[in-house]
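Encoded as structure tokens, the structure appears first; notes follow it.
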Amino acid sequence: MEVVVLEVVVIGAGQAGLSAAYHLGRRGLVPEEDFVVLDANPGPGGAWRHRWPSLTLGAAHGIHDLPGLPLGTPDPAEPASAVVARYYGEHERRFGLPVHRPVAVREVRSLSAGGPLEVVTDRGRWRTRLVISATGTWDRPYWPYYPGRESFRGRRLHTHDFRSAEEFRGRHVVVVGGGTSAVQFLLQLHEAGATTTWSTRRPPSFTDREFDPEWGRDVERRVGERTRAGLPPASVVSVTGLPLTAQYRAGIEAGILVSAGPLEAVLPDGVRLADGREVRADAILWATGFRASLDHLAPLRLREPGGGIRTDGVRVLKDPRVLLVGYGASASTVGATRAGRAAALAAVRTLRGRPDDRAPAASPPPWSAPLPRGSAPARATR
């Protein structure tokens, strides 16, 4: 396949990637001629398309509007995966975003110092001046190590693999993790007729602070402090805490959302807690979060000695050709849409030779109909 040279390649068509693509067009870049979006999924929806069917829209934690197309008020009882896949698909069609899928990006490499980047995929290669990496975290579930973990004879699964609480009716499940997913699993498992033990490294951090825009900016600031220092990003929930909703209050009062403390080891038929108690279990559900999915950037050697990638906002300080969203503060729905916009603006400023100035808005192209999808466009290499 012929190598195509573009101004920008966006990797990932989740919330941040679609936001970036929308704003690239609004700033004068022409879809398919100047930029493309490469997405590994077979259809729209980003990570949301993989969420368990029992996670309804009403129970989902924060689905934010994409630019130019409000979500509206879908049925809160509908699975969030279906709602978001439909919504993201409509956004792609409405604005003619040049999403190519399924395209798995294997690596991004530099052809010369300060020169173009080459994006190597299972469907060919794209050459580009800039990359906006918006791959998020869903592909990198984190499984913490505990002594005896591999000896467990029951079922082991991660948030990434969860499908339905009904599968565990009549069984005892140890849920490990202190985030929102763990809390939702515990409530669903209880409702489905399972018994549970909740294990967290620290006491659960419930908060009744209102989750307003000021709170969101504070979260982004505190999470972003680590990425600016070149450290791996902390989880957003470690900063936000858990919203103390009426449902969660009832779960605490019923004894469902009460932590038994940290794990010490995994046994063949259960777990041993730090206080010495042994708990028999049919399954262990690891709701232990995700890590940034950035293996495709490894050839660029962006990581700092502290293990993270040092960023200033969305800019990677080691390589100005790479803009990073879905990382650190923008790894959640709190900041992903804004991060996508920031990446698009930074890309246009760089392309116009004014990296520190605000690029003037250009008239958007006439996006009245979807553009063709499929393999890389065949045209002359620049």
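The values are calculated or read from the model by the stated rules, or taken from the named source; none is laboratory data. Computed from a predicted structure; not experimentally measured. Positions of Cβ are backbone-derived with ideal geometry, glycine not excepted, and every protein chain shown enters the neighbour counts.
Here's a check for you: in the range 152-207, which residue that is of a type in the set (A, V, I, L, M, F, W, C), under 22 Å from the mean Cα position of the chain (by Cα) and not in a strand (DSSP E or B) is farthest from LEU263 (Cα to Cα)?
Here the residue is PHE162.
With respect to the numbered conditions (1) modelled with pLDDT under 90; (2) over 30 Å from LEU302 (Cβ atoms); (3) more than 18 Å from the chain's Cα centre (by Cα), which one is the sole condition not fulfilled by ALA113?
(2)
Quick grid of which residues meet (1) touching a helix residue (DSSP H, G or I) at 6+ places or on another chain (Cβ under 8 Å); (2) in the same structural domain as ARG125 (by TED's automatic domain parsing); (3) small (Gly, Ala, Ser):
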residue: VAL30; (1), (2), (3): no, yes, no
residue: ASP39; (1), (2), (3): yes, yes, no
residue: ALA59; (1), (2), (3): yes, yes, yes
residue: PRO67; (1), (2), (3): yes, yes, no
residue: GLU78; (1), (2), (3): no, yes, no
residue: TYR87; (1), (2), (3): no, yes, no
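For the range 21-46, give me each residue that is assigned to a loop (DSSP other than H, G, I, E, B) and farther than 22 Å from ARG86 by Cβ.
ARG27, GLY28, LEU29, VAL30, GLU32, GLU33, ASP34
What are the pairs with Cβ atoms under 7 angstrom where one residue, in the range 45-60, is more than 18 Å from ALA287 (Cα to Cα) and free of Cβ contacts under 8 Å to residues at least 12 places away in the same chain and the other, located anywhere, is assigned to a helix (DSSP H, G or I) and of a type in the set (Gly, Ala, Ser)? Sequence gap at least six, or different chains.
none
If LEU257 satisfies every condition in (1) over 22 Å from the mean Cα position of the chain (by Cα); (2) of a type in the set (A, V, I, L, M); (3) outside any loop (DSSP other than H, G, I, E, B) but one, which is the exception?
Result: LEU257 passes all but (3).
Out of curiosity, is THR128 among the β-branched types (Val, Ile, Thr) and at pLDDT below 95?
Criteria not met by THR128.
Which count do you get for residues in the range 276-302 that are among the charged types (D, E, K, R) and touching a Pro at 6+ places or on another chain (Cβ under 9 Å)? Steps first, please.
Going through the range 276-302, the residues among the charged types (D, E, K, R) turn out to be 277-278, 280, 282, 291, 295, 301.
Now narrow it down to the ones that are touching a Pro at 6+ places or on another chain (Cβ under 9 Å): 291.
Final tally of qualifying residues: 1.
Give the residues of the range 47-67 that are in a loop (DSSP other than H, G, I, E, B) and basic (Lys, Arg), sorted by residue number.
Across the range 47-67, the qualifying residue is only ARG51.
Determine the pairs where a residue that is free of Cβ contacts under 8 Å to residues at least 60 places away in the same chain, located within the range 20-41, has a partner that is surrounded by fewer than 21 Cβ atoms within 10 Å (Cβ to Cβ) and charged (D, E, K, R) with Cβ atoms under 7 Å apart, the partner being 6 or more residues away or on another chain.
The qualifying pairs are ASP34/GLU7.
Please find, within the range 320-339, the residue that is surrounded by the most Cβ atoms within 10 Å (Cβ to Cβ) out of those that are within 16 Å of ASP295 (Cα to Cα) and at pLDDT 90 or above.
Within the range 320-339, the match that is surrounded by the most Cβ atoms within 10 Å (Cβ to Cβ) is VAL325.
Is it the case, given these coordinates, that GLU210 is part of a strand (DSSP E or B), under 30 Å from VAL314 (Cβ atoms) and either modelled with pLDDT under 95 or of a type outside the set (Val, Ile, Thr) (or both)?
No; evaluated as a whole, the condition is false for this residue.
Identify all residues within the range 68-84 that are part of a loop (DSSP other than H, G, I, E, B), at pLDDT below 90 and not acidic (Asp, Glu); write none if there are none.
Answer for the range 68-84, where residues must be part of a loop (DSSP other than H, G, I, E, B), at pLDDT below 90 and not acidic (Asp, Glu): GLY72, THR73, PRO74, PRO76, ALA77.
Of the residues SER112, SER164, only one is surrounded by fewer than 19 Cβ atoms within 10 Å (Cβ to Cβ), touching a Pro at 6+ places or on another chain (Cβ under 7 Å) and either without any contact (Cβ under 8 Å) to a residue 60 or more places away in the chain or among the hydroxyl-bearing types (Ser, Thr, Tyr) (or both); which?
Exactly one residue qualifies, and that residue is SER164.
Filter the range 266-288 down to the residues that are under 29 Å from the mean Cα position of the chain (by Cα) and assigned to a loop (DSSP other than H, G, I, E, B), then identify the one that is surrounded by the fewest Cβ atoms within 10 Å (Cβ to Cβ).
Among residues in the range 266-288 that are under 29 Å from the mean Cα position of the chain (by Cα) and assigned to a loop (DSSP other than H, G, I, E, B), the one surrounded by the fewest Cβ atoms within 10 Å (Cβ to Cβ) is THR288.
Got at least one residue in the range 227-234 being touching a Pro at 6+ places or on another chain (Cβ under 8 Å), at pLDDT below 95 and surrounded by 14 or more Cβ atoms within 10 Å (Cβ to Cβ)?
Yes, that holds for at least one residue.
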